[in-house]
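Have a look at the structure below before the remarks.
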Amino acid sequence: MREHDAPECLETSVRWHRHPEDTILSYRDWQLMSHFQPIFSIAHGRIVGLEALLRPQHEGVEVPPLRFFTSSLHPEELILRDRLARRLHYENFRPLAGDDLWLFVNRAPQAQLTEEDDLPAGLDPHQVVVELTEDESTDSGWLRELMARYRALGCLVALDDFGARHSNLDRLFTLAPDIVKLDRTLILFAEEDARVRRSLQRLVALIRDTGALVLFEGVETAAQAQLAVQAEADLVQGFYYARPQPRAFALKSTWGAREKLHDPLRACPVRRREAVPKTLEEVFRQTLRRVALGEDFALASAELIARPEVYRAYLLDANGRQLGHSASRVPLTLLRYLPLADGAGALWSARPYFRRAIAMPGRIHLTDPYLSVPDGTWVRTLSATAHGEAGTFVVCADLAADTLDAENAP
């Protein structure tokens, strides 16, 4: 039978070789083995799952798994091979199974749904996480149906390789996966680009808002592990923690992983108000006092604007509306977003620097880095309330982000 023909009867084409340390499956001129790569919870500091990875040999030669699932196969043949791989993984995982351990298994994206998997005795659906990958040709209706049927069985569903190629944010809301696996390219980009580092935590928060856990895959270095912790990932996977191994060695390979998981947590810096230089804080407090006494803001903020790390200062009323023009040392001719440069009368009541100042008066607040509207630079904003006879005001100063936060500088 040629490979592109429909599959032959399973009883005559499949042979199982069960050994104490492993189960191997022979299918025609293929020999299939399972390897498992551990998945860890950062907070728990321990293994919580194993991803099953196919290791095929063709006529005695090890080949990439995609050769076993080539798209040139007859659709029925592809479906058969897809199910055979998972059956093999189920058999190999069964001796390791426990309520505290998930099995992550992949579905070939080209293999259409025919019928659900039959789990072997001793393996419950709640222990299985089915990984699905979207591509340009993936039909969202089919993905929803597939997810619904696996959930009806009691399995969890993970969206794999999110953030690469054809991933769409709308899929997070329409599909509502239980776990989202971020593609390795995101963490590689984050190593090189501060903009990606800043966005990564926001992406993780957005995914969590859909009700999914976030798994960083492909973590290979201590620096990448630190990035995963800073982005507040729930789960991690990669060579840095453990490499894929046959069943007999999969759990042993996790020894020592706890320190690799918790060291970045212990080293993760905690933002404190001491990040603001004392001399800058003194000048800012002096500006607050002068505003409270009713001094014109341009005069009250002159010393503040003279500071090299300060781009601009501006005054808001108790409702968040800007009073007058910003005091700035950036010439208008250098502003990237010139139509947005004049903030007089603008309402900034939704911005964190205003809300925090009003909610916690008497304290100086410092935001995380963000893109400023007037000039497109990355800034952090100091803010605090000033109370005087004329009422309550909020004094704001935009600082160059890299002067206080070199780690996340653009």
> Quick one: how many residues across segment 336-362 are touching a His at 6+ places or on another chain (Cβ under 8 Å), of a type outside the set (Asp, Glu) and modelled with pLDDT under 90?
Replying inline: 1
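Just to verify a result, which residue in segment 225-241, among those that are part of a loop (DSSP other than H, G, I, E, B) and touching a helix residue (DSSP H, G or I) at 6+ places or on another chain (Cβ under 9 Å), is surrounded by the fewest Cβ atoms within 10 Å (Cβ to Cβ)? Give the derivation first.
From segment 225-241, those part of a loop (DSSP other than H, G, I, E, B) are 231-234, 237-241; that's our starting set.
Keeping just the survivors that are touching a helix residue (DSSP H, G or I) at 6+ places or on another chain (Cβ under 9 Å) gives 231-234, 238, 240-241.
On the way: 231: 22, 232: 15, 233: 25, 234: 21, 238: 22, 240: 19, 241: 22.
Here the residue is 232.
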> Which numbered condition trips up residue 373, out of (1) assigned to a helix (DSSP H, G or I); (2) open to solvent by 20 Å² or more (accessible area, probe 1.4 Å); (3) in contact (Cβ under 8 Å) with a residue 12 or more places away in the chain?
Replying inline: (1)
>> Could you go through segment 108-126 and let me know if any residue there is open to solvent by 50 Å² or more (accessible area, probe 1.4 Å) and closer than 18 Å to residue 13 by Cβ.
In response: yes
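Mind counting the residues in segment 228-259 that are among the basic types (Lys, Arg) and at pLDDT below 90?
From segment 228-259, those among the basic types (Lys, Arg) are 243, 247, 252, 258; that's our starting set.
Going one step further and asking which of them are at pLDDT below 90, we end up with 252, 258.
Looking only at that region, the number is 2.
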> Inside segment 52-81, can you point out the residues that are surrounded by fewer than 13 Cβ atoms within 10 Å (Cβ to Cβ) and of a type in the set (S, T, N, Q)?
Replying inline: 71, 72
> Of all residues in segment 318-348, which are under 20 Å from residue 402 (Cβ atoms), of a type in the set (A, V, I, L, M) and open to solvent by 80 Å² or more (accessible area, probe 1.4 Å)?
Replying inline: 334
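Which residue is modelled with the highest pLDDT, if the candidates are limited to segment 376-391 and must be hydrophobic (A, V, I, L, M, F, W, C) and open to solvent by 10 Å² or more (accessible area, probe 1.4 Å)? If you could, list the steps in order and put the result at the bottom.
Within segment 376-391, the first condition is being hydrophobic (A, V, I, L, M, F, W, C), and the residues that meet it are 378-379, 382, 384, 386, 390.
Narrowing the set further to residues that are open to solvent by 10 Å² or more (accessible area, probe 1.4 Å) leaves 378, 390.
Details: 378: 82, 390: 91.
So, considering only residues that are hydrophobic (A, V, I, L, M, F, W, C) and open to solvent by 10 Å² or more (accessible area, probe 1.4 Å), the one modelled with the highest pLDDT is 390.
Condition first: in contact (Cβ under 8 Å) with a residue 40 or more places away in the chain and assigned to a loop (DSSP other than H, G, I, E, B). Can you find one or more residues in segment 247-258 that meet it? Before you say what the answer is, go through the steps one by one.
Let us first name the residues in segment 247-258 that are in contact (Cβ under 8 Å) with a residue 40 or more places away in the chain, namely 247-248, 250-251, 253-254, 257-258.
Applying the additional criterion that residues be assigned to a loop (DSSP other than H, G, I, E, B) yields 251.
Yes: one or more hits.
So, in segment 376-403, exactly how many residues are charged (D, E, K, R), out of contact with any Gly (no Cβ under 8 Å at 6 or more places or on another chain) and not in a strand (DSSP E or B)?
Filtering segment 376-403 for residues charged (D, E, K, R) gives 380, 389, 398, 402.
Keeping just the survivors that are out of contact with any Gly (no Cβ under 8 Å at 6 or more places or on another chain) gives 380, 398, 402.
Pick out the ones that are also not in a strand (DSSP E or B) and you get 402.
Matching residues across segment 376-403 total 1.
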> Out of 325, 262, which single residue is out of contact with any helix residue (DSSP H, G or I) (no Cβ under 8 Å at 6 or more places or on another chain), modelled with pLDDT under 90 and not hydroxyl-bearing (Ser, Thr, Tyr)?
Replying inline: 262
> Here are some conditions: (1) within 27 Å of residue 242 (Cα to Cα); (2) part of a helix (DSSP H, G or I). Residue 79 meets all but one. Which one does it not meet?
Replying inline: (1)
> Inside segment 201-217, can you point out the residues that are over 8 Å from the mean Cα position of the chain (by Cα) and in a strand (DSSP E or B)?
Replying inline: 213
> If residue 228 passes every condition in (1) within 30 Å of residue 33 (Cβ to Cβ); (2) small (Gly, Ala, Ser); (3) over 12 Å from the mean Cα position of the chain (by Cα) but one, which one does it miss?
Replying inline: (3)
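Within segment 265-294, work out how many residues are at pLDDT 80 or above and in a loop (DSSP other than H, G, I, E, B). Quick ask: steps written out before the conclusion?
Residues of segment 265-294 at pLDDT 80 or above: 276-294.
Applying the additional criterion that residues be in a loop (DSSP other than H, G, I, E, B) yields 276-277, 293-294.
Summing the residues that are at pLDDT 80 or above and in a loop (DSSP other than H, G, I, E, B) in segment 265-294 gives 4.
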> Across segment 283-303, which residue is nearest to residue 324 (Cα to Cα) among those that are in contact (Cβ under 8 Å) with a residue 60 or more places away in the chain and charged (D, E, K, R)?
Replying inline: 289
>> Please determine whether any residue of segment 349-370 is open to solvent by less than 80 Å² (accessible area, probe 1.4 Å), in a strand (DSSP E or B) and more than 21 Å from residue 286 (Cβ to Cβ).
In response: yes
> Pick from segment 299-317 the residues that are closer than 20 Å to residue 347 by Cα and at pLDDT 95 or above: which of them is surrounded by the fewest Cβ atoms within 10 Å (Cβ to Cβ)?
Replying inline: 317
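Kindly indicate whether residue 70 is at pLDDT below 90 and among the hydroxyl-bearing types (Ser, Thr, Tyr).
On the way: at pLDDT below 90: yes; among the hydroxyl-bearing types (Ser, Thr, Tyr): yes.
It is true that residue 70 is at pLDDT below 90 and among the hydroxyl-bearing types (Ser, Thr, Tyr).
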> Which of the residues belonging to segment 23-67 are acidic (Asp, Glu) and either in a loop (DSSP other than H, G, I, E, B) or at pLDDT 95 or above (or both)?
Replying inline: 29, 51, 59
>> Filter segment 26-43 down to the residues that are in contact (Cβ under 8 Å) with a residue 40 or more places away in the chain and either over 27 Å from residue 216 (Cβ atoms) or not hydrophobic (A, V, I, L, M, F, W, C) (or both) and list them by number.
In response: 27, 32, 34, 35, 37, 38, 41
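The values are calculated or read from the model by the stated rules, or taken from the named source; none is laboratory data. Just so it is clear, the model here is predicted, and its values are computed rather than measured. Backbone-built Cβ (ideal geometry, glycine too); neighbour counts: all protein chains shown. For accessibility, only protein heavy atoms count, side chains too; no ligands or nucleic acids. Shrake-Rupley method; radii C 1.70, N 1.55, O 1.52, S 1.80 Å.
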